Each structure stands twice: as structure tokens, then as C-alpha cells.
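Asker: The structure's right below; bear with me while I get my questions together.
The values are calculated or read from the model by the stated rules, or taken from the named source; none is laboratory data. Here the structure is a predicted model, which is why all the values come from computation and not from measurement. Every residue, glycine as well, gets a Cβ built from its backbone with ideal geometry; the counts of neighbours run over all protein chains shown. For the accessible areas, the whole protein counts, side chains as well, though only heavy atoms, and no ligand, DNA or RNA atoms are used. Shrake-Rupley method; radii C 1.70, N 1.55, O 1.52, S 1.80 Å.
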Amino acid sequence: MPIVKTLFGVLFLFALSSSILAQKFDGLALTPPMGWNSWNKFGCDVDEKLIRETSDAIVASGMKAAGYEYVVIDDCWQGERDSLGFIRSDPKRFPSGMKALGDHIHSKGLKFGIYSDVGAKTCGGRPGSRGYEYQDAKTYASWGVDYLKYDWCNNEGLNAVGAYTTMRDALFSTGRPIVFSICEWGDNKPWEWAKNIGHLWRTTGDITHCWDCEENHGTWSSFGIMRILDKQKGLKIHAGPGRWNDPDMLEVGNGMTVSEDRAHFSMWAMLAAPLIAGNDVRSMSNETRETLSNKEVIAVNQDPLGAQGFPAVSEDGLEIWAKPLSNDAWAICFLNRSKETKDVNFNWKENLIKDDFAQKHLDAKKVTYKIRDLWSKRDMGTTEKPLRTVVPPHDVLMFRLTK
Ligand code: GLA
């Protein structure tokens, strides 16, 4: 039956070409995405005034100049679907509609991010995208959306790879480049399957603004900075340009001490994590603004090599993290997790630091590096002499070493 064979052949080719053609947008997140998201500070209390004022403040505060780009409205922007199934924003909170809001964000030179969920309902109980994936993607594209965070609540046992692939394909079919942020909390090890589906994937449950706590919410927990940090172990081999481990959004400015905020920000820079601020940028203190806008620390995070940092040496309660950078430079961060000030007496020459995955070595016996302190913004001599200093409790020292 040649006609049947031909038909099968055509169908096969069609299936093959659509699976080859459907993909994620490449080249969109060659360095970790930077921006702001409403959730950590505002939860469901979002409206268009907040988003407009926040966009304005990101520009006025210098955060845009420091690299923050995406303004992401998290859960609870949604109203009901209309009679044709199109999702609409909450008419009370977003009376001007999402297109107008996106236009305002774009007029500031920023990009527009939005949130949805694989289930029929989001975590906040609003309409999710299940069964409406292509229709929602089209709607987002028509609003000028540039970034979608896609959550995992009410998934009813869906296959994660399938659910996230469906939305990836839906986004791709719109032709509008949209960063796809997978928020599946690390439940199904997305680092093993998501690199061709999304640009970043959450590796853990939700973050909260404490140094080392776990908050129990009944069916789920949120975790402090050190807890989240410890959950990144072994994941560095999965990260690189266009594919990032996401240890969740920043809590800088949300209630920890200045030292803790500085340590949190430094470690997220070392991890090549997305830097998504989560505080009220309209009313932040100078200290918070300075922490979030430290361009030399941000340059470590945004380094084009895209290597994730790792704990290289552990000495007397101090963790010494290393991150290879382009041009054979290195970022080194001394993290003091304890409540006591720690003395540092670190002989660079006695500590060979190796990143086998990135194939980089820091060998101060062979090469002398210049040292720059990225928080005090001072040059500190070279690796010829041991480093003698102190690290305050819950704080860091962060350096860039260049040849
Ligand atoms: C989940 C996510 C959070 C946030 C909320 C919104 O908990 O992990 O980041 O998006 O849902 O309801």
C-alpha cells in the first residue's frame, strides 16, 4: 500500500520536523538573568501602581545601570479567563491591563516578566495555564512579555519534563523571545533535563530572609540563606551560558543584617545565580542599594565564562569559595558562617585551587595574582604574601585575583 506508506512517511517527517523546530530561544540568558520580582516582599499584594513605581525606582536608584533588567510580576496578577478562555489581569489591581503595564516597563528600558503555573491553579489559587498553554503564551507575547516564571503547584502528578516542554514549545511558537524560568523547586532534578527547555531552573524550595533557619509551613518549608547554599552541592556541572541553576530570588533588604545581606549577595554572585532582587526598591536604604548595586561583585556573577563557583577550601569554620573568570582571573570569597569573628591567615601558595569542570587552575606558586577587595574597593597587594585579616560573623570577604 504505497499510499499508506507515503502517508506514514509524511506524518513521520512532520513529527520529526516539529520536534526539531520546537526549542527554547537561544542566546537569551548568556549570563545569569538580573531583575526584580514582586514575590519575596509583596506576595499577593501586587498592583499596577507598585509595578510602575518599582520600574521607575530601578532606573532612578542606579539599579538599571548596574544591570537589573527584568521586572517580573509574580503570582496573583491574574483575574478570570474571559468567555473565550483568554486570561485577563485582576481588573481591580491592574485596571489599565497588562499591555499598558508592559509598555511602561519597556519605556524605562526594562523588560517585562510574568508568572504562571503548570496546574489549573497557581500556588496563590489564581487560574494556571493547564490546558491553555498555547493560548496563554500567545496572550503573553501580545502583551510584550519577555520572561515567564512557570510554577509547579497543583501539578496533579504531571510529568515535569512534559509539562515544561509543552510551555517551552508554546512560547517558542509565538516567535517572541521569552526567557523561560522553570520553578519546579528541584523536585525532579531539573538540572538533569531542563537545559534545552528553560534558561534557568529553581534548585530548591522557597527562600526566606534568615541566615540559617527552616520555616515549616505544614506541607512545605522555606529555607534560610545557608540552607539554600548547601543544597547547591554538586550542581555546578549543569550551569553555563544559557542554562543556570536558580537558588531562588534575593532577600537583600528584607530584614537580615547588612553583613548577612552582603554575604547572601556575594554567594549568589559566586554561584552564577540569577540576581533577582526581591525587596521594596522604592524605599530601600542606602546600604541595601549599595549592596545590590556593587558593580564589581555583579561583574563576578555576570562573567562571560559562566562558571559556577564552588567551595574550594574549608578552614576552621571558614569556607573559601572560588569561581574561575574569563582572562584567567578568579573570584575568591571567604565566608564566615559562624557567630564569631574569624581570623584569616591564608597562604595562597600553599593552596592550589582547581576547577576540573572548567579546566582552570589557580596556582599562586607559579603565577602571582593581584588582589582586589570587591567590598572595600581597594587593591590589596598580591598573592606573594599570605592574607592576614579577619572576617566578621555572618559576613564575607570577596576578592578578584588577576594576573
Ligand atoms: C511558589 C514559588 C515562589 C512564588 C510562589 C507564588 O512558592 O516557589 O517563588 O512564585 O509560589 O505563589
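Asker: Pick out, in residue order, every one of the GluC sites (Glu not before Pro) in the stretch 253-360 that is DSSP loop and has at most 15 other C-beta atoms within 10 Å; say none if there are none.
Answerer: Glu340
Asker: Please report the carbon-and-sulfur percent of the accessible area for the chain; probe 1.4 Å, protein heavy atoms only, DNA, RNA and ligands left out.
Answerer: Details: 9040 of 17400 Å².
For the chain, the apolar C and S fraction of the accessible surface comes to 52 percent.
Asker: Give the lysines reachable from Lys92 as a straight Cα distance under 21 Å; neighbours fewer than 8 places away on the same chain don't count.
Answerer: Of all the lysines, those that pass the test against Lys92 - Cα under 21 Å, at least 8 places apart if same chain - are Lys41, Lys49, Lys121.
Asker: From Cα pairs below 8 angstrom and at least 6 apart in sequence, can you work out the relative contact order of the chain, rounded to a whole percent? Walk me through the numbers before you get to the answer.
Answerer: Details: 875 pairs, mean separation 54.0, N = 403.
It comes to 13 percent, rounded to a whole number.
Asker: Please build a GNM for the chain, connecting alpha carbons under 10 Å apart, and tell me which residue among Pro32, Pro304, Pro274 fluctuates the most.
Answerer: Pro304
Asker: Largest first, what is the accessible-area ranking of Glu215, Glu80 with a 1.4 Å probe?
Answerer: On the way: Glu215 80, Glu80 135 Å².
Descending accessible area places them as Glu80, Glu215.
Asker: Separate question: Just to be sure I understand the rule: take each whole DSSP H helix in the chain, project its Cα atoms onto its long axis, keep it if the span is 20 Å or more and its mean Kyte-Doolittle hydropathy is at least 0.5. Which ones pass? Walk me through the intermediate numbers first.
Answerer: Details: long enough: 2-21 (28 Å, 1.88); 160-174 (22 Å, 0.37).
Qualifying helices: 2-21.
Asker: Turning to a different aspect of this structure: Looking at the square roots a ≥ b ≥ c of the eigenvalues of the Cα gyration tensor of the stretch 310-402, which shape do they give, rounded for a/c under 1.5, prolate if a/b is larger than b/c, or oblate?
Answerer: prolate
Asker: What are the principal axis extents of the Cα atoms in the chain, in Å, biggest first?
Answerer: Principal axes ranked by extent give 77, 58, 42 Å for the Cα atoms.
Asker: Give me the lysines in straight-line cross-link reach of Lys189: C-alpha distance below 18 Å, same-chain residues under 8 apart excluded.
Answerer: Lys149, Lys231, Lys233, Lys236
Asker: Still on this structure: With springs only between Cα atoms under 10 Å, which of Asp26, Asp328, Asp230 fluctuates most in a Gaussian network model of the chain?
Answerer: Largest GNM mean-square fluctuation: Asp230.
Asker: If you take the charge dipole of the chain about its Cα centre, with +1 on Lys and Arg Cβ and -1 on Asp and Glu Cβ, which of Leu401, Ile87, Thr257 is farthest toward its positive end?
Answerer: Highest projection toward the positive end goes to Leu401.
Asker: Solvent-accessible area per residue for the stretch 104-243 at a 1.4 Å probe radius, Å²?
Answerer: Here the residues of the stretch 104-243 average 39 Å² of exposed surface.
Asker: Springs between alpha-carbon atoms under 10 Å, Gaussian network over the chain: tell me which of Lys189, Lys64, Lys233 tops the mean-square fluctuations.
Answerer: Residue with maximal mean-square fluctuation among Lys189, Lys64, Lys233: Lys233.
Asker: Per 0.36 nm of contour for each residue apart, how much would the distance between His361 and Ser338 grow if the chain were fully extended, relative to their Cα-Cα spacing?
Answerer: 5.4 nm
Asker: Could you pull out every residue, at least 5 positions away or on a different chain, whose amide H is within less than 5 Å of the one on His209? Hs are placed 1.01 Å off N in the peptide plane, and Pro or chain starts have none.
Answerer: none
Asker: Determine ³J(HN,Hα), in whole Hz, for all residues of the stretch 63-69 in sequence, where each value follows from phi through the Karplus function 6.51 cos²θ - 1.76 cosθ + 1.60 and θ = phi - 60°; x replaces Gly and Pro.
Answerer: 5, 4, 4, 7, x, 6, 10
Asker: Further question: So, for the stretch 310-402, what is the accessible surface per residue at a probe of 1.4 Å, expressed in square angstrom?
Answerer: Numbers: 4750 Å² over 93 residues.
Solvent-accessible surface per residue comes out at 51 Å².
Asker: Give, in nm to one decimal, the length gained when the segment between Lys99 and Lys370 is fully stretched (0.36 nm per residue of separation minus the Cα-Cα distance).
Answerer: Taking Lys99 through Lys370 to full extension adds about 92.6 nm, to one decimal.
Asker: What number of lysine-lysine pairs in the stretch 310-402 show an alpha-carbon separation below 15 angstrom, given a sequence spacing of 8 or more or placement on distinct chains?
Answerer: 11
Asker: What list of ³J(HN,Hα) couplings, whole Hz, do you get for the stretch 346-353 from phi and the Karplus terms 6.51, -1.76, 1.60, once you set θ to phi - 60° and write x for glycine and proline?
Answerer: Per residue, the Karplus-derived 3J(HN,Hα) values read 10, 8, 4, 6, 8, 10, 6, 10 Hz.
Asker: Using only helices, what value at 222 nm comes out for the chain when you add -39,500 (n - 2.57) per DSSP H run of length 4 or more and divide by the total residues, to the nearest 500 deg cm²/dmol?
Answerer: Taking each H run of at least 4 residues, the total per residue is -8000 deg cm²/dmol.
Asker: Would you be so kind as to identify which of Val118, Cys213, Leu305 lies farthest towards the positive end of the dipole of the chain, taking Lys and Arg as +1 and Asp and Glu as -1 on Cβ and the Cα centre as origin?
Answerer: Sorting the options by dipole projection puts first Leu305.
Asker: Could you give me the ³J(HN,Hα) list for the stretch 225-231, computed from phi with Karplus coefficients 6.51, -1.76, 1.60 and θ = phi - 60°, whole Hz, x at Gly and Pro?
Answerer: Those phi angles translate into 4, 5, 4, 5, 4, 5, 7 Hz.
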